[in-house]
1. Just E201, E58, E165 to compare: in a GNM of the chain, with alpha carbon springs under 10 Å, which one fluctuates most?
2. Give the cross-link partners of K84 among the aspartates and glutamates, using a straight C-alpha distance below 14 Å as the criterion and excluding same-chain residues fewer than 8 apart.
3. Could you tell me which residue out of W83, L42, S60 lies farthest along the dipole of the range 32-89 toward its positive end? Charges go on the beta carbon: Lys and Arg +1, Asp and Glu -1, centred on the Cα centre.
4. Could you please state how large a percent of the accessible area of the chain is carbon and sulfur, counting protein chains only and using a 1.4 Å probe?
5. Within 13 Å, Cβ to Cβ, of G100, how many net charges do the neighbouring residues add up to if Lys/Arg are +1 and Asp/Glu are -1?
6. For every other residue with a beta carbon closer than 14 angstrom to the beta carbon of A157, add +1 if it is Lys or Arg and -1 if Asp or Glu, then tell me the sum.
7. For A138 paired with E13, estimate the spin-label separation in nm (one decimal), with each label point 7 Å from Cα along the Cα-to-Cβ line.
8. Highest GNM mean-square fluctuation, the chain, Cα pairs closer than 10 Å: which of Y72, Y87, Y46?
Amino acid sequence: MPVSRDRILYEDEHLLAVNKLSGELVVRGSGKVDKLPLLDFLKKEYPGLRTLHRLDFETSGVVVFARTKEAYNQVIDSDFAGWKKFYSALVMGQIGRKKGMIRKPLPARSGKGTVEAITHYTVLDHFVNSSFIEAEIATGRHHQIRKHFAAIKHPLALDQVYGHEKFNRLFTRELGYRKFFLHAARVEMRHPVTQEQLCIEAPLPKTFDQLLKKLRSL
């Protein structure tokens, strides 16, 4: 069965962008999986598909794949130059500044040293005990957004790794949710072959939208 057409966000002969669901793997890892990762599933309909970037298991939103070797090589060789990724997230507490920048080096994936990482953010809404934010990253360091907001004492709500244990426990008790909310809402990039400027967007998941409505009503 092919992927639902309403999950296809962009498609041409060189690229495919799909709306990833929370709780879905992009590629197969070393452990056992309960269901086929997104790449394997898509390859049934798009043979030769290659992964350009990934999202964490719990994160939803835009994932872009290369359908041709030409597109893949152009992106990888340019090291994603010009790509901008925008995420929606719910974080603990009320952030005082409307806009800000978090600049904090993070461990390199190689395990040797650190690499520069910058996150720009805009506060979209304040609630009693949390903030709805948009975060923009040009880099894609491991758990960058989660680590950066934890570093400024506003970790993602319900993040069991970098979050605040007491806050998470109260949040779950009061609202019933157990998983953090992080959504790759938009990718802005230059098409690697045609050079056309692309803006690929994924709608906010229904569960995330419902949570925001609940928080606004408190």
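The values are calculated or read from the model by the stated rules, or taken from the named source; none is laboratory data. All values reported here derive from a predicted model rather than from experimental measurement. Note that each Cβ is placed from the backbone with ideal geometry, even for glycine, and that neighbours are counted across all protein chains shown. Surface accessibility is based on the protein's heavy atoms, side chains included, excluding ligands, DNA and RNA. Shrake-Rupley method; radii C 1.70, N 1.55, O 1.52, S 1.80 Å.
1. Comparing E201, E58, E165 in a Gaussian network model of the chain, the most mobile one is E165.
2. Filter leaves E134, E136, E188, E201.
3. L42
4. On the way: 5890 of 11860 Å².
Whole-percent figure for carbon plus sulfur exposure: 50.
5. Details: positive: R97, K98, K99, R103, K104, K153; negative: E134, E136.
Every neighbour counted, the sum reads +4.
6. On the way: positive: R146, K153, K166, R169, R173, R178, K179, K214; negative: E58, D125, D159, E165, E174.
The answer is +3.
7. 3.3
8. With Cα springs under 10 Å in the chain, the top fluctuation among Y72, Y87, Y46 is at Y46.
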